[in-house]
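Written below as structure tokens is the structure these notes are about.
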């Protein structure tokens, strides 16, 4: 039982981590809480849906997923990034607002993204045309019921996160991004072209969100509200990890996903809080962290 | 030298009642940086005490510690003999310690007169209940405060600004308004944070004149200022802060000729 | 300057935006009148719309007193609306799982008490936070409240909601039986006739109720905001450190403002419960929060008449989209989103930013210049 929940926690965490990295990057580099981030995930999911519908399976499969799905995943990532860049250029760039003004504007954008998806696909839920799998036989005796799709989600998320790590640590762009997240003013005076870095931040952050959305659709199903519904959990992850810290966001995302899926254990040990409060627990953790350690668990104490 | 000894004796014979502000062994660290290092000094009633020091000497930190905006790590602050260490800024203000800010933000949607009216402490109209249970008392206090505002604006020779939007006046005028507003709070001691910074020469002289006038009328002040001339012209005694602690204290001319002070500024 | 004494002077005194809004309101009222007379809109439905507009106006007034006057970013409007609706429903409804059957006035008091407790519960931890953290924390806590209402079946009936809520004037002398005792009036004849029956008189009493709520709230807020109390709040919004240095207990002021605004939002919930006669957890959907935010920003942060105007526009959007041959929900969402983005891009201070109304009478001798207030210049995000 515990093993099963740990396993599903790992899958859910992978999705949240993909969302929280982008939210944290944008929070520190563009300097506002982006309420449209969840709906960016939705865009990724629906783009994958359309792409997969158009190209089909393309022959073979990996971990129970047709090749075509991976092409659709890339399309989802690309579309999410494209929408974010266009939004930055068309909307945010021309605004002369403080972080609160941008936050409010991002709520408007969240509604625009979601309403466009809903106009195109309706409010009802849908699925990729991929056969659901039975749990992997070899693990069932241990009480773990995960499918090959779940494994694919975790492995793909791990690959993306590793790629980001390499980018941040070893590329010129990554070093500049870290410098800018750390201290935007200092980065500017030291000659970094901050506008370009900001654009790349949107590309990377939204791209990862797009991937997260595509996987969320695979993990459960697609609805126009899927991203918005996950947004607060992602905020909780980012705040728990420490705003502005990419690695904090990964850790926070991992913990929030785990806590969320491990909630049934509370009843097992006699605490009468059911799974219906799994999200509420995350939100309370978020408020407690904001109160007592606003720099997050991975950040330096202020 | 003998004159200084006499001064010290006179100070010692004065009773403790004449110390308005007493700062004892204040320590504040930010991570590895020791911003304030056992700073100890007193401000006597009726003086304009200057607080100078090179950049990074910890002047602003000290102001924030005294007025309660930062929490102290060690040491204590007393106002009029009452220990106010660890109190909130508004509680410290209630003991009569009022401070100004280096760069005051402008109050939106208010006229200068209205921005001034925020000054008086403990107005009956600041209690939500009294607005509805004691409108008469609220109205009376408001009329009195309004009259006080107009009187002080006149004394400061800025009564022509009264109906201007507070966002539309210049930075220098704002500094005068801030000083005038602080007087409405009836301070026992006024902490002025760089009042002359960013002020044009004409207004600067006007400010100096007002500060001197208020002091002559009995207001005790502690003044941080970068503009040496401004400090030396107004303050006596002058306290020199270096690396978070008090380097020396003395008359302006003593301070200016002291080797340690010169070293601190050059080093 | 009075409209009656000098209508021409009054008009030339208005800003372009004020003229535009006035013209728009007149046109809108004219259109409504025409559709009333031609039978496109039944009088009962018209009164229902007035009631809903009043409800949004209440919510906007409440949020405006928090955000517009004190700079508090409260994203838990839906929670206060919901707690108001549930508070009175649980006390007065026949279908209430805990009490039920109590007079609606008791329900009103219960709702206000619950809202005050919730305001303290949300405000105590969050009002010390940085502005953007307050936004995130308050929406998180609002979700916690929604989840409790949804899942604690033993207190709230859970997803089934609470039925059997009486109308507010139930059991009152005269007003209680007013809709039934009024005669059914028929104007005109045939299928185009206008019939004013019990439901019309019921709707009329609902409008009276919401007007009373709006009127009382408006007067209380006007008194509060033009007082030294409101002056301190506006100082806090511009420069909290200054207020602290001048001896104001800013945390306490912010808490008072937060509770006051929350109580007004709860009033809107109380009205809604007795209008709709049924409440469900869906009424706590966070979308309500954002509707109200749009109303306040659209009207002009810090402006009470702007908040009233914003409330009416929201109802116009909601009802206007209903007439479209498409699925209304996404169109409505799109409209709200586009309005937010356009406003923040081109007019962050809103359509009717506060002008004379905020200035304390007596602090001006003449008409002041237009203050350039609004979101653009708030100090949020700094600390």
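What the table shows:
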| quantity | calculated |
| --- | --- |
| Contact order relative to length of chain A, as percent, for alpha carbon pairs under 8 angstrom and 6 or more apart | 35 percent |
| Cα Rg, Dmax (largest Cα-Cα span) when computed across segment C:1-143, Å | 20.8, 59 |
| Euclidean distance of C-alpha centroids, segment A:221-262 and segment C:156-183, integer Å | 44 Å |
| Helix B:201-216 axis, angle to chain B major axis (alpha carbon atoms, nearest 10°) | 90 degrees |
| Inter-chain shielding of C:326-333 (mean C-beta neighbours from other protein chains, 10 Å cut-off) | 5 |
| Between helix B:135-155 and chain B: long-axis angle, C-alpha atoms, 0 to 90°, nearest 10 | 50 degrees |
| Shape call, segment A:213-291: gyration tensor on alpha carbons, a/c limit 1.5 | oblate |
| Angle in degrees between helix B:171-184 and the longest Cα principal axis of chain B, rounded to the nearest 10 | 80 degrees |
| Rg/Rg_globular for chain B, with Rg_globular taken as 2.2 N^0.38 Å and Rg from C-alpha atoms | 1.05 |
| Cβ crowding within 10 Å averaged over residues, with B:128-135, C:196-203, A:214-221 ranked highest first | A:214-221, C:196-203, B:128-135 |
| Ordering of B:141-148, B:169-176, C:226-233 by burial proxy (mean other Cβ atoms within 10 Å per residue, highest first) | C:226-233, B:169-176, B:141-148 |
| Among A:195-204, C:133-142, B:246-255, the order from most to least packed when residues are scored by Cβ within 10 Å on average | C:133-142, A:195-204, B:246-255 |
| Potential extension, residue A:134-residue A:54 segment - 0.36 nm per residue separation minus Cα distance | 26.2 nm |
| For B:162-170, mean number of other protein chain Cβ atoms within 10 Å | 4 |
| Cα pair count fraction exceeding 22 Å, expressed as % - segment B:112-253 | 47 percent |
| Average other protein chain Cβ within 10 Å of Cβ, residues A:112-120 | 5 |
| Fewest-first sequence of B:160, C:274 by Cβ atoms within 10 Å of each Cβ | B:160, C:274 |
| Per-selection Rg to Rh, segment A:85-225 - Cα, Kirkwood hydrodynamic radius | 1.07 |
| Cα shape, chain C, gyration tensor, a/c 1.5 rule | oblate |
| Overall form of the protein assembly as shown per C-alpha gyration tensor (a/c, 1.5; a/b vs b/c) | oblate |
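Just so you know, all these numbers are worked out from the coordinates, no wet-lab data involved. Not measured: the values here are computed from a predicted model. Virtual Cβ from ideal backbone geometry, glycine too; neighbours counted across all protein chains shown.
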